[in-house]
Amino acid sequence: MKRLAILGASGHGKVVADIAKANGISDIVCFDDRWQEIKTLGEYPVVGDVAGAITGKSAFDFDAAIVTIGNPSIRAKIQNQLACIAPPLVHPSAVVSSTATLGRGTVVMANAVINADSKIGDGVIINTGAVVEHDCVIGDFSHVCPNAAIAGGVIIGRGSWVGIGSSIIQLIQIGENVTIGAGSVVIRNISDDQRVAGNPAKPLTNGKPGKDS
């Protein structure tokens, strides 16, 4: 891969660009719907809007693209329209088992650990210092935030968000589109479309953890 397109000129995009650079990719162009205002993402030019990158109508060619938008549903929608999705980008300081698998468009940030036989889907963010233990399954377009710790055998559904500094004990099953609040401790299974927080994590009611069901 010679030229990489970053779709989404955000702080997250800066970090992904740094990871690409650390892997020897120096020719990086960025696309964002605010491109006429922001012009650059750090040292990299912002050259057009996201639609132009998707349709190929941009004047800038690229070999592969990665979507650096935090919202899982938007990230999925854009990535699913791309013809050339980047292979996984892994920071050199991350530790990824040779038996783990990573999907396309996935990024693994500095000091993250992914252990044996874990399966990471497409478009996933494994953020700085996160730990994914052995035999986990992380669904497409999920986000494991900085310093989150996921014990062995955990299954996380598509589009879920594991908040910064949270912990999930072994063999837990988490559904799709789940949000786990920062610093939470998950000791029970969580069904689809739930928002939970606390220690132990409980469903949120009006923004606050509710009573045990």
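The values are calculated or read from the model by the stated rules, or taken from the named source; none is laboratory data. These numbers were taken from a predicted model, which means no experiment stands behind them. Here the Cβ is made from the backbone with ideal geometry for all residues, glycine too, and neighbour counts use every protein chain on show. Accessible surface areas use protein heavy atoms only, side chains included; no ligands, DNA or RNA. Shrake-Rupley method; radii C 1.70, N 1.55, O 1.52, S 1.80 Å.
List of remarks:
- Of all residues in region 174-199, those that are more than 19 Å from the chain's Cα centre (by Cα), assigned to a strand (DSSP E or B) and within 18 Å of G153 (Cβ to Cβ) total 3.
- Here is the figure for region 133-142: residues that are under 14 Å from the mean Cα position of the chain (by Cα) and touching a residue at least 24 places away in the same chain (Cβ under 8 Å) total 4.
- Restricting attention to region 112-127, the residues that are out of contact with any strand residue (DSSP E or B) (no Cβ under 8 Å at 6 or more places or on another chain) and open to solvent by 60 Å² or more (accessible area, probe 1.4 Å) total 1.
- The residue list D135, D122, D140, D117 contains one member that is modelled with pLDDT of 95 or more, outside the structural domain of T68 (by the TED database) and out of contact with any Ser or Thr (no Cβ under 7 Å at 6 or more places or on another chain), which is D140.
- From S160, S184, residue being in contact with a strand residue (DSSP E or B) (Cβ under 9 Å, 6 or more places away or on another chain), open to solvent by less than 40 Å² (accessible area, probe 1.4 Å), polar (S, T, N, Q) and touching a residue at least 24 places away in the same chain (Cβ under 8 Å): S160
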